[in-house]
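Please read the structure below before turning to the comments.
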Amino acid sequence: MTTNLKLLCVFAHPDDESLGNGGMLARYAAEGIETSLVVATRGERGWSGNQEEYPGVEAFGRKREAEVLAAAQVLGLRQVLFLDYRDGELDQADPVEVIAKIVGGIRPLASADIHQRPPRASLLVSPSINIHRYPLLFAG
């Protein structure tokens, strides 16, 4: 019997998938594990350069989105889902809504039953800024 292993990672910002986790994600993807990514924000407020050169929230968000999509391709990730929260405002989001969006990202990965634990689906949740506040609760 062949089991298709799946891994879904949930992070708050673009680059969280690469910094500290990139090697692991690339290895699992290279081993044939269907590896996907959920990113809560586009990191549009994460500018660390000269303020005069800041391109603005929308333009910087598009740049960060392009960066995470490029990183996902290099890492061998199968899909990337953005939850579309504004960087710095995730802590103000409705927890029920956040959970529903994350579950929406998980459902297509589940072979049959979302309640099952590995090896069908694995979940790595970043402890980064507020995304860890939202436990993944699944109702029957």
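Rule-based calculations on the coordinates, nothing more; no lab input. Values in this document were obtained by computation on a predicted structure and should not be read as measured data. Neighbour counts are summed over all protein chains in view; Cβ atoms, including those assigned to glycine, are modelled from backbone coordinates with ideal geometry.
Could we say that GLU97 is of a type in the set (Asp, Glu) and either outside any helix (DSSP H, G or I) or in contact with a strand residue (DSSP E or B) (Cβ under 8 Å, 6 or more places away or on another chain) (or both) here?
no
With respect to ARG78, determine if the residue is touching a Gly at 6+ places or on another chain (Cβ under 6 Å), under 30 Å from GLU31 (Cβ atoms) and not β-branched (Val, Ile, Thr). Spell out the reasoning first.
Numbers: touching a Gly at 6+ places or on another chain (Cβ under 6 Å): no; under 30 Å from GLU31 (Cβ atoms): yes; not β-branched (Val, Ile, Thr): yes.
Taking the combined requirement at face value, the residue does not satisfy it.
Does the stretch 56-65 contain at least one residue that is buried (at least 17 other Cβ atoms within 10 Å of the Cβ), out of contact with any helix residue (DSSP H, G or I) (no Cβ under 9 Å at 6 or more places or on another chain), in contact (Cβ under 8 Å) with a residue 40 or more places away in the chain and not in a loop (DSSP other than H, G, I, E, B)? Outline the logic, then answer.
From the stretch 56-65, those buried (at least 17 other Cβ atoms within 10 Å of the Cβ) are 60-61, 64-65; that's our starting set.
In the following step, the residues that additionally are out of contact with any helix residue (DSSP H, G or I) (no Cβ under 9 Å at 6 or more places or on another chain) were identified as 60-61, 64-65.
Among the residues that remain, those that are also in contact (Cβ under 8 Å) with a residue 40 or more places away in the chain are: 64-65.
Applying the additional criterion that residues be not in a loop (DSSP other than H, G, I, E, B) yields 64-65.
Scanning the stretch 56-65, I find at least one residue that is buried (at least 17 other Cβ atoms within 10 Å of the Cβ), out of contact with any helix residue (DSSP H, G or I) (no Cβ under 9 Å at 6 or more places or on another chain), in contact (Cβ under 8 Å) with a residue 40 or more places away in the chain and not in a loop (DSSP other than H, G, I, E, B), so the answer is yes.
In the stretch 26-46, which residues are among the basic types (Lys, Arg), surrounded by 16 or more Cβ atoms within 10 Å (Cβ to Cβ) and within 19 Å of ARG78 (Cβ to Cβ)?
Once the filter is applied, which keeps residues that are among the basic types (Lys, Arg), surrounded by 16 or more Cβ atoms within 10 Å (Cβ to Cβ) and within 19 Å of ARG78 (Cβ to Cβ), the stretch 26-46 yields nothing.
Within the group GLY49, GLY23, which residue is in a loop (DSSP other than H, G, I, E, B), loosely packed, with under 15 Cβ neighbours inside 10 Å and of a type in the set (Gly, Ala, Ser)?
Working: GLY23 fails: in a loop (DSSP other than H, G, I, E, B).
Every option except GLY49 fails the conditions.
Can you pull out the residues in the stretch 26-46 that are outside any loop (DSSP other than H, G, I, E, B) and over 13 Å from PHE82 (Cα atoms)? Full working, then the answer.
Step one: filter the stretch 26-46 for residues outside any loop (DSSP other than H, G, I, E, B), giving 26-30, 34-41.
ALA26, ARG27, TYR28, ALA29, ALA30, GLU34, THR35, listed by residue number.
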